[in-house]
Protein chains: 2
Amino acid sequence: MNVRILTERELRHLVPLDLAAIDAAERAFRALGEGRAIQPPVLALEIAPRNAEVDIKTAYIDGIPQLAIKASSGFFDNPARGLPSLSGFMAVLSAETGRVEAVLLDNGYLTDLRTAAAGALAARTLARTDARSAGVLGTGLQARLQIEALKRVRPLEKVLVWGRRADAAQAYAAEMTQCLGIPVETRDSAAAVVREADIVVTTTPSREPIVQADWLHAGQHVTAMGSDAPYKNEIAPAALARATRIVCDRIAQSLTLGELRPAIAAGCLSSPPPTVELGAILCGNATGRTSDRDITLCDLTGTGAQDTAIAAHALALANAAGLGQEIDA
Amino acid sequence: MNVRILTERELRHLVPLDLAAIDAAERAFRALGEGRAIQPPVLALEIAPRNAEVDIKTAYIDGIPQLAIKASSGFFDNPARGLPSLSGFMAVLSAETGRVEAVLLDNGYLTDLRTAAAGALAARTLARTDARSAGVLGTGLQARLQIEALKRVRPLEKVLVWGRRADAAQAYAAEMTQCLGIPVETRDSAAAVVREADIVVTTTPSREPIVQADWLHAGQHVTAMGSDAPYKNEIAPAALARATRIVCDRIAQSLTLGELRPAIAAGCLSSPPPTVELGAILCGNATGRTSDRDITLCDLTGTGAQDTAIAAHALALANAAGLGQEIDA
């Protein structure tokens, strides 16, 4: 039985952040919405003595010939060793026989990609089609990838950025102006970014809410993708309550790892909260934006279904290109 | 960063079912006993439409330089396709940096091995040192491996076997007489095996209890390794209650997946039940057998700590032998 091994270099070459990657995310969310996905809770290994954590996600999707087992690792003492904190891999199993078909030694690249693709999908589903400006909070890798993906689904003419460190925001603006071919400008405060932008993407690991209710304005869309742990929180409870429509990638995860948790705890949202899943909107079982004045907010925590969809997409591209090393296992 | 890829063939050659494998199991259980292991609950992906399941286990062990992420798959329609039902793989991450060090494409071999090694460890810890006869219920792969491993820790002179299918038991007896070099005889009933044997190992996927209380006798040791799911049960509740000492690999798992569950449900054991973990005995925090007349019973459900220990053991052997293929990832 041959197993295909693909490296990060090969995967970066094979699987760009393009519409096909966003469509792969859409397949994952449609499957969740149509009840065609079986997705168990995340397995979290927290290694306090190493200042580290490993999260494992998986999902079976009826209609996709493989399933992924994806591990994401964060070893936060790595930078002192000259290594990136985050890494990971995906194993790709046949959904028919369970045999390992491929191992994607991506060091986390496909997770970064599918996370950005889900952000673009959220905007494609929920943001006004005439949204012209995007604002991003945070200046890290996802701040870059989210806006790169967003530009593929909305006619952006300007990007605004705020980060805790002004020099990082300056560097982001210079670099992304080059990369995107449109003006990318810094703002002095998160408030200024959120007040001005048609679409806001929050990409920080903040433990205290940043986005406040009175910064939001009619017609806006917000994607909150930073919180993925029970101690993180980017959006103030009152800001969630102000949204016309709150959407989650997975309600069960948002209740424990995402923005629903602090909003319910603060009493700003009822329990169960008034929210729907992105997949339900995509397959017509729930409404998203209903007017140009709605404020939509989408909380993304990351799902195993996305991992299975991007892994199958990557493997199809690798098989077509004949890339990767075959091991007779 | 190089990643070592090892195939099933290489791993079978490198990692035999020997005392070193049993010692690796002991390292895992000592770590659990000493609180040096961090072991989250099993992630179970049940794929009813495919008649399949995938279980994912992992554990960090202070003192072992790697951690394993282990997937075991059971795709029960595979035999109709000419493929084995069970398969799996292990990914081996550096416990210091989280980077993938190796992928063990073992198709489940190391899981089989570490499961048998844990059975032998249970007997080494709990059975009378003068135990001369072993009885096995079931005739599958673990029925073979458990007895093979057991023979390395106790001076067996005879093995008795019972299985639901008489022809399978006959085949087992013939094959294992050759393999072990001691007489292996069939018996007509599970009762006859249990009544006669000094050590009993139960290896069936039974959903109804097989071993009854009045079959047990003073001085006996029983290892129950078949049950690893909420619907399985090999040992009658009253038989558990009759044991002088009940030992588990992991109490939390035995309560949900193992033999404690039906015994408590039947009211034959109190809740919490009078039981200790194998690791607590190994590190001197609990007593096991206290006399030659005690009846000891050990329930094994399979732990991520065992996977980490056997994966690190396998990788050390592979590194020493220079076996496996290096991929520059």
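Of note:
- Qualifying residue in segment B:1-13 (condition: touching a Cys at 6+ places or on another chain (Cβ under 9 Å) and crowded, with 17+ Cβ neighbours inside 10 Å): no
- Selection of segment A:87-129 for residues being among the polar types (S, T, N, Q) and within 10 Å of chain B (Cβ to nearest Cβ) yields A:Ser87, A:Ser94, A:Thr97, A:Asn107.
- The number of residues in segment A:51-67 that are under 17 Å from the mean Cα position of the chain (by Cα) and closer than 16 Å to A:Val100 by Cβ comes to 2.
The rows are residues; the columns are (1) outside the structural domain of B:Pro41 (by TED's automatic domain parsing); (2) in contact (Cβ under 8 Å) with a residue 40 or more places away in the chain; (3) within 24 Å of B:Leu19 (Cβ to Cβ).
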| position | (1), (2), (3) |
| --- | --- |
| B:Ile251 | yes, no, no |
| B:Arg261 | yes, no, no |
| B:Gly267 | yes, no, no |
| B:Gly279 | yes, yes, yes |
| B:Gly284 | yes, no, yes |
| B:Gly288 | yes, yes, yes |
| B:Asp292 | yes, yes, no |
| B:Ala318 | no, yes, yes |
| B:Leu323 | no, yes, yes |
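- Residues of segment B:56-67 classified as touching a residue at least 60 places away in the same chain (Cβ under 8 Å) and either more than 7 Å from chain A (Cβ to nearest Cβ) or over 18 Å from A:Gly304 (Cα atoms) (or both), total: 8
- Test: A:Ala91 is crowded, with 24+ Cβ neighbours inside 10 Å and either under 14 Å from A:Val200 (Cα atoms) or not assigned by TED's automatic domain parsing to the domain that holds A:Ile61 (or both): no
- Every residue from segment B:68-81 that is more than 7 Å from chain A (Cβ to nearest Cβ) and within 30 Å of A:Gly82 (Cβ to Cβ): B:Ala68, B:Lys70
- Enumeration of residues in segment B:186-222 that are of a type in the set (D, E, K, R) and either outside the structural domain of B:Arg289 (by TED's automatic domain parsing) or surrounded by 15 or more Cβ atoms within 10 Å (Cβ to Cβ) (or both): B:Arg187, B:Arg195, B:Glu196, B:Asp198
- Among (1) in a loop (DSSP other than H, G, I, E, B); (2) more than 10 Å from chain B (Cβ to nearest Cβ); (3) surrounded by fewer than 24 Cβ atoms within 10 Å (Cβ to Cβ), the one test that A:Pro84 misses: (2)
- Taken together, the residues in segment A:291-326 that are more than 20 Å from the chain's Cα centre (by Cα) and on the phi < 0 side of the Ramachandran plot amount to 14.
- Boolean, B:Ala59 is surrounded by 22 or more Cβ atoms within 10 Å (Cβ to Cβ) and out of contact with any helix residue (DSSP H, G or I) (no Cβ under 9 Å at 6 or more places or on another chain): no
- Screening A:Asp55 against (1) of a type outside the set (A, V, I, L, M, F, W, C); (2) within 27 Å of A:Met1 (Cβ to Cβ); (3) not in a loop (DSSP other than H, G, I, E, B) leaves a single unmet condition, (2).
The values are calculated or read from the model by the stated rules, or taken from the named source; none is laboratory data. Predicted model, so just to flag it, every value in this text is computed and none were measured. Note: ideal-geometry Cβ built from the backbone for every residue, glycine included; neighbour counts use all protein chains shown.
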